[in-house]
1. Looking only at residues that are more than 10 Å from every other protein chain (Cβ to nearest Cβ) and outside any loop (DSSP other than H, G, I, E, B) in the stretch A:21-47, which one is nearest to A:M94 (Cα to Cα)?
2. Considering A:M89, A:M94, which residue is within 13 Å of another protein chain (Cβ to nearest Cβ), touching a residue at least 12 places away in the same chain (Cβ under 8 Å), aliphatic (A, V, I, L, M) and farther than 30 Å from B:K52 by Cα?
3. Among strands (runs of 3 or more DSSP E) lying entirely in the stretch B:15-84, which contain 3 or more residues that are in contact with a Lys or Arg (Cβ under 9 Å, 6 or more places away or on another chain)?
4. Does B:K44 meet the test of being surrounded by 13 or more Cβ atoms within 10 Å (Cβ to Cβ), without any contact (Cβ under 8 Å) to a residue 24 or more places away in the chain and charged (D, E, K, R)?
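Rule-based calculations on the coordinates, nothing more; no lab input. Just so it is clear, the model here is predicted, and its values are computed rather than measured. When we count neighbours, we look across all protein chains shown, and the Cβ atoms used for this are built from the backbone with ideal geometry, even at glycine.
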Amino acid sequence: AQKITQTQPGMFVQEKEAVTLDCTYDTSDQSYGLFWYKQPSSGEMIFLIYQGSYDEQNATEGRYSLNFQKARKSANLVISASQLGDSAMYFCAMREPRGNTDKLIFGTGTRLQVFP
Amino acid sequence: DAMVIQNPRYQVTQFGKPVTLSCSQTLNHNVMYWYQQKSSQAPKLLFHYYDKDFNNEADTPDNFQSRRPNTSFCFLDIRSPGLGDAAMYLCATSRRTGTLAKNIQYFGAGTRLSVL
């Protein structure tokens, strides 16, 4: 079974600095997908970025990039130029096949706090 | 504009009194999911629909039921809520294509359920 591990319960970063949120995963599948979601205090889960196991390049979406190291089974999220609005919980997730569809397996999350 | 809409945002019910949570989507996605997220925990899948096919997770209590009368709507019914069912309930949707590929799940803002 797939497993996602996020070892940083909380992180602090100063505004305008970059921050890396760690995520490691475990799977025996060759084809898999990794996701990062942001959850502000309001509760909504906001999709940030996706990395497929066969993607040759690291995914980027605006200020978000994913440092994908397949051999190490890590998929760290890098947020550049942090903003106060980036303060939230961040979840790393992996797709697990479920019948004819799939489900997401989430890590325990990292709470990021951005200070001025 | 919100594409996955959950109503209500906050729901208070009494111990043992049935409650229904609602989710609607304007994305025309064929898969709809219900997740339960307890305080400071990761979301946990309860069940999902692929079109009209219902897929229940093995560890989802019988107390939780779901209905999907059409593509746009999905309901979560809790027949006899207990104190342990107080949580955030998140609805998500995705489009299942020939291959799972990206298959991003898009979430609503959630319904926070309190049980008195």
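1. A:L34
2. A:M89
3. Where strands (runs of 3 or more DSSP E) fall fully within the stretch B:15-84 and carry at least 3 residues being in contact with a Lys or Arg (Cβ under 9 Å, 6 or more places away or on another chain), they are B:31-37, B:44-50, B:73-78.
4. yes
Here is a yes/no grid of residues against (1) within 12 Å of chain A (Cβ to nearest Cβ); (2) not aromatic (F, W, Y):
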residue: B:L27; (1), (2): no, yes
residue: B:S39; (1), (2): yes, yes
residue: B:Y50; (1), (2): yes, no
residue: B:T71; (1), (2): no, yes
residue: B:R79; (1), (2): no, yes
residue: B:A109; (1), (2): yes, yes
residue: B:L116; (1), (2): no, yes
